[in-house]
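Data block below; observations after.
The values are calculated or read from the model by the stated rules, or taken from the named source; none is laboratory data. Since we're looking at a predicted model, the values are computed, not measured. Every residue, glycine as well, gets a Cβ built from its backbone with ideal geometry; the counts of neighbours run over all protein chains shown. Quick note on the areas: whole protein, heavy atoms, side chains included, nothing else; ligands and nucleic acids left out. Shrake-Rupley method; radii C 1.70, N 1.55, O 1.52, S 1.80 Å.
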Amino acid sequence: MTIVRNRWLEIVTVAIIGVSLFRSMTVVADVTQGDVQRIMYVHVPSAWLAFLAFMVTMVGSAAWLRTKDQRWDRLAASSAEIGVVFTGLAIVAGMIWAKPVWGQFWTWEPRLVTTALLFFIYLGYLALRRAVIDPVQRARRAAIMGIVAAVQIPIVYYSVNWWRSLHQPSSARSIDTPLRITLLLGVVAFTFAYAVLLRRRLELARLEEELDAKRFEQSQSVAGADITAPSLASHPHD
Amino acid sequence: MNGHEIVYLDDVGLRLGNTIILREAKLSLGPGEKVGLLGPNGSGKTTLLRIIATLLQPTSGSGAVLGAEIGTQDVYEIRNRIVMVGHLPGLWPELTLGENTELVARLSGRSPEVAADALAQVGLARASERRADQSSKGMLRRAELARALILEPTLLLLDEAHAGLDAEAIGMVDTIANRVVAGGGAVMLVSHEPDRLNVHRSVQLVDGTLEMVS
Amino acid sequence: MTFWRQVYEVARKDLLVESRTAEVALMTAPFGAAALILIPLAIGTDAPLLSQLGPGLYWIVVLLFGMLVILRKSAVDGQAQRDLVRLLGIEPAAAFAGATAATSALVLFFEVALGPILIALYNPELRGWPWLFVILPLVAIGMGLLGTIASGVTTSIGTRTSLTPLLIVPLSLPLLMGATQALEGLRLGRGIVPWLILLFAVDLALAVSGVLAARPLEEAVT
């Protein structure tokens, strides 16, 4: 039974995803859009995860700045990596959904625009991490960028929303209860998937750091040790 | 630590990537002391100076500089009492030597006249209109020494203290260092020519630790 | 020395160095102007179309080509210069504010330099133009703040010229919205105060972030 004890989160997640998938496929179809509307059960939960993951990154960033504990940096980085995947998924799913419904892949809906920008903010954050070699410097710079971005994201959203509301009325409409329950189930399933992935990624990050430490023990060199006496002899009176 | 040291390092270690720059480095520098820092190329002398100048935080160990514990916010209060002349020139290449020196005076809240005076003292009065990127290494070095005259530091750190200087300028380095020492400050000089150092004692950086040199 | 005196001296230093390289005045501004000439040749030279699209294109050019103002040589100090400034006892927040002031002033210069080109080539409607005295500086300050923060975290990174714009552009959207919608509001005779408040709010949020991040950031770029 150890496998159940060690893998309970995975097992629960697979079960919830299964139920959510079944529900998404069998729940009554949307009256106006038909079956294509079912993509909402992927699109909306992905978008939710995109924002959740970035919030976790911000929390990790702030906690690192306070404590300087590398575990918080690992949390921020791992969450951002998962976040960028789900942000991409939300955008692609949204475009697939939009094409048959609106006749085009893209609309300038505020949440869509914000999600797209979030994708690039994530990419920049990860590119910054990749460009800094020293772990402490990387953590510090990434934490600052993570927090500055997090402060700006709500302003980004409100500015697009505001702009949009001036140009056309909001297209938000209420959805029926069975559909709403299915959507909620999808959100729960995706959140569990996030937790599983995050746990795995954190474990991987920890192992990477251990490996680095081991490598360091074996290959450590003291400054100056790589420079030896020159073998080129001097021949002053040749 | 007895509270009177200007620099006090206890088992300070620094690791950058897979390289250990320092391990368990101990150092104590009291008022009126002039100490030489020796060591082969790449042994971490410049890095050690930057740690002493509070510009770089060690990864382990503790210490204090001018009463401020390193790694704390207190270092912001004492930094303006330290002058470091590094191995790369701390000058803006697009500005003239005069402008660079004036900048030091202005940024430290002193009047620009002090700068002109200091420039004359290091023998650069006639070169003050010359851009830094049009000046020789020795001239840049002199312009940097003018900084020590303007700021009158309690702690003077000179990296490659004699590199690129003629006999006159080397005498000037000694004069400036002696002035700091006479005022109750401390000086640390890095050099590859121990005979020229003219110091009270020397320490050597070997395998990341500091050893006394007899 | 007071905080504001430090801010002034740091900004003065940056602008003095810039006056020698003249990168913004002699390189970036003409480059931006050349872009404004090229765009109509790609999208069509129809006069009403250009008059309508002009302001939007202007802000795009300011925002994207403005990256070169942020990345300019005089905004980058080497380690020796950074060490010098730190040892002179300059408070990191003052160094941040000074660098921001210099960059903002140069972005404003860039905006003003492109203005006449825009008017000459695109003939945009200029109703309510005195408001530009508020809009242009607010956008310039926002770009200066974003640019100084992003340049801070990318200091001494080899790929900083590509990385810095990637960090800035997605976050600069509220500046673009505020600027374009304020001009649109003026053109249509609508109220523009909400958009000015937006610009102001962005600047304020960035200023607070930058000042709070100044010390940790300084320690991160040793």
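Within region C:32-55, restricting attention to residues that are under 23 Å from C:ILE168 (Cβ atoms) and surrounded by 16 or more Cβ atoms within 10 Å (Cβ to Cβ), the residue that is farthest from the chain's Cα centre (by Cα) is C:ILE39.
What about B:VAL83, is it in contact (Cβ under 8 Å) with a residue 12 or more places away in the chain, within 30 Å of B:ASP207 (Cβ to Cβ) and away from every other protein chain (no Cβ under 11 Å)?
Judged against the criteria, B:VAL83 is not a match.
Within region C:148-164, the residues that satisfy the criterion of being more than 7 Å from chain A (Cβ to nearest Cβ) and open to solvent by 30 Å² or more (accessible area, probe 1.4 Å) are C:SER156, C:GLY158, C:ARG160, C:THR161, C:SER162.
When you check B:GLU69 against the structure, is it in contact with a Ser or Thr (Cβ under 8 Å, 6 or more places away or on another chain), without any contact (Cβ under 8 Å) to a residue 40 or more places away in the chain and open to solvent by less than 40 Å² (accessible area, probe 1.4 Å), yes or no?
No, not satisfied.
Within region C:71-90, residues that are more than 7 Å from chain B (Cβ to nearest Cβ) sit with their Cβ atoms under 6 Å from residues that are of a type in the set (A, V, I, L, M, F, W, C), at 6+ positions apart or across chains, in these pairs: C:SER74/C:VAL17. Scanning region B:17-44 for residues that are crowded, with 16+ Cβ neighbours inside 10 Å, in a strand (DSSP E or B) and within 14 Å of chain A (Cβ to nearest Cβ) yields B:THR19, B:ILE20, B:ILE21, B:LEU22, B:ARG23, B:ALA25, B:LEU37, B:LEU38. Of the candidates A:VAL36, A:VAL84, the single residue that is β-branched (Val, Ile, Thr) and at pLDDT below 90 is A:VAL36.
Taken together, C:ALA80, C:ALA29 contain a single residue that is modelled with pLDDT under 95 and either touching a Gly at 6+ places or on another chain (Cβ under 8 Å) or surrounded by 19 or more Cβ atoms within 10 Å (Cβ to Cβ) (or both), which is C:ALA80. One residue stands out in region A:93-151 among those that are at the interface with chain C (Cβ under 10 Å from one of its Cβ atoms) and in a loop (DSSP other than H, G, I, E, B): the one that is most open to solvent (accessible area, probe 1.4 Å), namely A:ILE133.
Flag: B:LEU157 does not match the condition of being touching a helix residue (DSSP H, G or I) at 6+ places or on another chain (Cβ under 9 Å), among the aliphatic types (A, V, I, L, M) and within 8 Å of chain C (Cβ to nearest Cβ). Would you check if C:ALA220 is modelled with pLDDT of 90 or more, open to solvent by less than 20 Å² (accessible area, probe 1.4 Å), touching a helix residue (DSSP H, G or I) at 6+ places or on another chain (Cβ under 7 Å) and not aromatic (Phe, Trp, Tyr)? The answer is no for C:ALA220.
Residues in region A:213-228 that are under 39 Å from the mean Cα position of the chain (by Cα) and open to solvent by 100 Å² or more (accessible area, probe 1.4 Å) were compared, and the one that is farthest from the other protein chains (Cβ to nearest Cβ) is A:LYS214.
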